[in-house]
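Shown next, in structure tokens, is the structure this report addresses.
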There are 2 protein chains.
Amino acid sequence: MARDSRTTKTSLLRAATGEFAEHGIAGARVDRIAAAAGYNKNLIYVHFGSKDQLFDAVYEDAVKEILDAAPFDADDLPGYAGALFDFHIGHPHLMRLARWHSLERPGEVLPIAEKANAAKLRALSAAQGEGKVDAGLPPHLLLALLVGLAMTWSEGSPEPATADDDAAGIAARRHAVVVSAGRLTRPVPRS
Amino acid sequence: MARDSRTTKTSLLRAATGEFAEHGIAGARVDRIAAAAGYNKNLIYVHFGSKDQLFDAVYEDAVKEILDAAPFDADDLPGYAGALFDFHIGHPHLMRLARWHSLERPGEVLPIAEKANAAKLRALSAAQGEGKVDAGLPPHLLLALLVGLAMTWSEGSPEPATADDDAAGIAARRHAVVVSAGRLTRPVPRS
């Protein structure tokens, strides 16, 4: 692809990320995206085909960024939950994208997300087998609950993200997530 | 209000609940709501004023239903988390409403929700004071995390609600939520 064409696509993707994060898939307007990027809206159709396909491109980039942000570590699950929390707080627009995606395309899972999830489950299952992580719950349920804990205060959650969100409030939430992840995963003796 | 007028409002609210749950606030169409209820759309403006005010009415009813569904019991927090889970699974359209509300009106909290939350926090704080609930985390953070756990598989969550959702899968998720709520709240000895 020529350099100019790459620049155009990059600008359109950046503008589209903002628009979709703000308004969702149905609510996004192709002409606002074109105006924000400073291009004619025909270029969106030329490069991406349709608004839905533009969302596909935006969302795949977002999922890659989310997957890269918090590397999974089965030996330090509280640390993993804390890293997820940090990423969500630092990237509210990506969290909004993920919420719209869940609401507007329920059940759709990207292959890259599925693959990453399978790798996490293998590592978690191994850590349970070695007795490093409590084995009272199956790995897929435990992993989902850890993610749920880390998302308690993320965008689109019923807890108002705007209340009590100064630096001290955010640090207290992070601490609570890390402590809770420890309590969920630390091996407990079974009778 | 005359009986006919009450019937009209009830029918419009029911149709509006379905439409807003499916499409969100911006995506909802007043003419689809009128058509689904079998009334002229002018009646929506007569009774509710605007699409936004119609959403206000729908959402306040939904919040009341959610608050009534799972009575808070500081002496049985795993049971409370399980009841919340059951309600979410059984009322996916109300969960979708709550998610759209969070995304489209970030930071808005209804007074009835604020009041109910304050009562829960008082009860939780008292239970911590009596040593029935672990006091390692402040009550407002602990309560938010319990709700977050119970919502792990609810609508608009990144965990695909459609996978593994037969009766056995749902029972396993419920069990995982209840066990995890116990681990988060059971008093642990402090050194």
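Every number in this text was worked out from the coordinates using simple rules, so none of it is lab data. Values in this document were obtained by computation on a predicted structure and should not be read as measured data. Every residue, glycine as well, gets a Cβ built from its backbone with ideal geometry; the counts of neighbours run over all protein chains shown.
Please list, ordered by chain and number, the residues whose modelled amide H lies under 5 Å from the amide H of A:His91; skip anything fewer than 5 residues away on the same chain.
Sorted by chain and number, the residues that satisfy this come to none at all.
By count of other Cβ within 10 Å, fewest leading, how are A:Ile44, A:Ile112, B:Ile66, A:Ile170 ordered?
By the 10 Å Cβ count, ascending, the order reads A:Ile112, A:Ile170, B:Ile66, A:Ile44.
Can you list residues whose amide H is under 5 Å from B:Ala70's amide H, if they're 5+ apart or on another chain and H is modeled 1.01 Å from N?
Those qualifying (amide H under 5 Å, at least 5 residues apart or on another chain) number zero.
Kindly give Rg over Rh for segment A:30-127, based on alpha-carbon atoms, with the Kirkwood expression for the hydrodynamic radius.
1.07
Given labels modelled 7 Å from the Cα in the Cβ direction, how far is it in nm from B:Arg105 to A:Asp31?
Here the answer is 2.8 nm between the modelled labels.
State the Cα centre-to-centre distance between segment A:35-74 and segment B:43-73 in whole Å.
35
Given a cut-off of under 8 Å on Cα pairs at least six residues apart, what relative contact order in percent is computed for chain B?
Working: 176 pairs, mean separation 43.9, N = 191.
Computed value for chain B: 23 percent relative contact order.
For chain A, what is the charge dipole size about the Cα centre, in debye to the nearest 20, if Lys and Arg each add +1 at the Cβ and Asp and Glu each add -1 at the Cβ?
Roughly 260 debye for chain A.
Give me B:Ser154, A:Ser125 sorted ascending by neighbouring Cβ count inside 10 Å, so fewest comes first.
A:Ser125, B:Ser154
Treat every Asp and Glu Cβ in the protein assembly as shown as -1 and every Lys and Arg Cβ as +1, leave all other atoms uncharged, and give the resulting dipole magnitude about the Cα centre to the nearest 20 debye.
The calculated dipole for the protein assembly as shown is roughly 160 debye.
What ranking do A:Asp166, B:Asp86 get, fewest neighbouring Cβ atoms within 10 angstrom at the top?
Working: A:Asp166 8, B:Asp86 16.
Going from sparsest to densest Cβ surroundings: A:Asp166, B:Asp86.
Which of B:Pro111, B:Pro139, B:Pro92 ends up with the largest GNM mean-square fluctuation for chain B, with Cα atoms connected below 10 Å?
Highest fluctuation of the listed residues: B:Pro111.
Say R0 is 45 Å: what FRET efficiency, to the nearest 0.05, do B:Lys41 and A:Asp61 get from their beta-carbon distance?
Efficiency for this residue pair is about 0.65.
Just tell me how shielded A:108-120 is by partners: mean number of partner chain Cβ atoms within 10 Å of each residue's Cβ, no decimals.
The per-residue average across the peptide is 1.
Mind giving me the FRET efficiency for B:Asp76 and A:Arg122? R0 is 30 Å, r the Cβ-Cβ distance, nearest 0.05 is fine. Walk me through the intermediate numbers first.
Details: r = 36 Å, r/R0 = 1.20.
The formula returns an efficiency of 0.25 here.
Could you pull the copy-to-copy label distances for A:Asn40, with points set 7 Å along Cα to Cβ, in nm to one decimal and sorted shortest first?
4.6
Taking beta carbons within 10 Å but only from partner chains, what does the mean come to for residues B:142-154?
6
Tell me, what HN-Hα J-couplings in whole Hz come from the Karplus equation 6.51 cos²θ - 1.76 cosθ + 1.60 at θ = phi - 60° for each residue of segment A:181-187, using x for Gly and Pro?
4, x, 5, 6, 10, 5, x
Between the helical axis of B:92-104 and the dominant principal axis of chain B, each derived from Cα atoms, what acute angle in degrees is found, rounded to the nearest 10?
90
Given the pairs B:Lys64/B:Lys120; B:Lys9/B:Lys51; B:Lys41/B:Lys64, which span a C-alpha to C-alpha distance of over 20 angstrom in this model?
B:Lys41/B:Lys64
Report, as a whole number in µm² per second, the diffusion coefficient that Stokes-Einstein gives for chain B at 10 °C and 1.306 mPa s using the Kirkwood radius over alpha carbon pairs.
Once the numbers are plugged in, D ends up at 86 µm²/s.
Send over the Kirkwood Rh of segment A:11-72, from the inverse of the averaged 1/r over different Cα pairs, rounded to one decimal Å. Numbers along the way, then the final one.
Details: mean 1/r = 0.0844 Å⁻¹.
With all distinct Cα pairs of segment A:11-72 included, I get 11.8 Å.
Shortest first and in nm with one decimal, please list how far the A:Asp164 label point sits from its counterparts in the other copies (point 7 Å along Cα→Cβ).
Computed spacing set for this position: 3.1 nm.
How big is the convex hull of the Cα atoms of the protein assembly as shown, per residue, in Å³? Before the final figure, lay out the partial values.
Working: hull volume 65.5 nm³, N = 382.
Hull volume normalised by residue count: 171 Å³.
Quote the FRET efficiency, to the nearest 0.05, computed for A:Glu114 versus A:Arg186 with a Förster distance R0 of 22 Å and r equal to the Cβ-Cβ distance.
0.15
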